[in-house]
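The values are calculated or read from the model by the stated rules, or taken from the named source; none is laboratory data. Predicted model, so just to flag it, every value in this text is computed and none were measured. Using ideal geometry, Cβ is built from the backbone for each residue, glycine included, and neighbour counts are taken over all protein chains shown.
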Amino acid sequence: MHWESVFAPPECFRNDEVTIPAEESRHLRALRKKRGDEIWVIDGKGGAFRVRLLDTGQETMGKVMESRRLLGEPRARVTLAPALIRGERFDWLIEKAVELGVSRLLPVITQRTERAAGPQKWRRWQRIALAAMKQSGRSVLPEIMDPRPFERVILMGADCTLRLIAHDAGDTGWSAKTGSRNPAYRALAMVGPEGGFSEEEIAMAVEHGFRPVSLGPRRLRAETAALVIITRILRDWNELG
């Protein structure tokens, strides 16, 4: 299911009414929405609400007519941990990863990462993720975490059903299928920068239960590799229809 939606965090809801923030209200005015029109409002925590507009001022008021849970959300929870790459390519990666259905994005600082990211980039990534959530018809805003060193990230996969790390010399015939009937799958997938992870990093990941996997015979750019590994996981877990 897909719908035109706006965002209002949970604190904007009170009883059966919602106050839509100013920035989202401007979007409604641009769409020429008026009193009495109905829209969908998502709270980023899994709530989707059919709302009838009561007014369209600077902060739009609306009455909740219907509520639903977890529309557009996969049952599997996939954390993508991509190494930081330059500029707009990382922005594009975030947008497409959110559209595909990742639950969390965890930027990684590796031995071959060219630079770290400051607070301004993190805020931009948040805006990109929010726009991608609305565009793709999701109802949960994926978490965008602060960039962390490789050594810390590999410790975060202990509670995951699946731990993968992209590597040219990795398993070529891998599958994300586990044989379990439990729908609450969790995966942590790591993708390196241009040039990939170092052999030291691969060895460290293997020691912590990660499985090195190949993404095919062709050399992929870092952002392309990230989307390939997400797609294969979600496909194997029957989350792509």
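Quick notes on this structure:
- Scan of the stretch 194-205 for residues that are touching a residue at least 12 places away in the same chain (Cβ under 8 Å) and part of a helix (DSSP H, G or I), ordered by number: GLU200, GLU201, ILE202, MET204, ALA205
- Residue within the stretch 77-86 that is surrounded by 18 or more Cβ atoms within 10 Å (Cβ to Cβ), in a helix (DSSP H, G or I) and not assigned by TED's automatic domain parsing to the domain that holds ARG29 present: no
- Residue in the stretch 104-111 that is surrounded by fewer than 19 Cβ atoms within 10 Å (Cβ to Cβ), charged (D, E, K, R) and out of contact with any strand residue (DSSP E or B) (no Cβ under 9 Å at 6 or more places or on another chain) present: no
- Checking each residue in the stretch 91-103 for being of a type outside the set (S, T, N, Q) and surrounded by fewer than 22 Cβ atoms within 10 Å (Cβ to Cβ) picks out ASP91, TRP92, GLU95, LYS96, GLU99, LEU100.
- Whether a residue is closer than 23 Å to SER136 by Cβ, modelled with pLDDT under 95 and not in a helix (DSSP H, G or I) was assessed, and ARG68 passes this test.
- All positions within the stretch 207-239 that are among the aliphatic types (A, V, I, L, M), in a helix (DSSP H, G or I) and without any contact (Cβ under 8 Å) to a residue 24 or more places away in the chain: VAL228
- For the stretch 1-37, a residue qualifies if it is closer than 20 Å to PRO74 by Cα and touching a residue at least 60 places away in the same chain (Cβ under 8 Å), and the qualifying residues are MET1, HIS2, TRP3, SER5, PHE7.
- Taking the numbered list (1) surrounded by 13 or more Cβ atoms within 10 Å (Cβ to Cβ); (2) farther than 30 Å from ARG127 by Cα in turn, GLY216 passes all entries but (1).
- Any chance TRP40 is free of Cβ contacts under 8 Å to residues at least 60 places away in the same chain, over 22 Å from VAL153 (Cα atoms) and of a type in the set (A, V, I, L, M, F, W, C): yes
- Residue match in the stretch 92-108 (condition: part of a strand (DSSP E or B) and over 10 Å from the mean Cα position of the chain (by Cα)): yes
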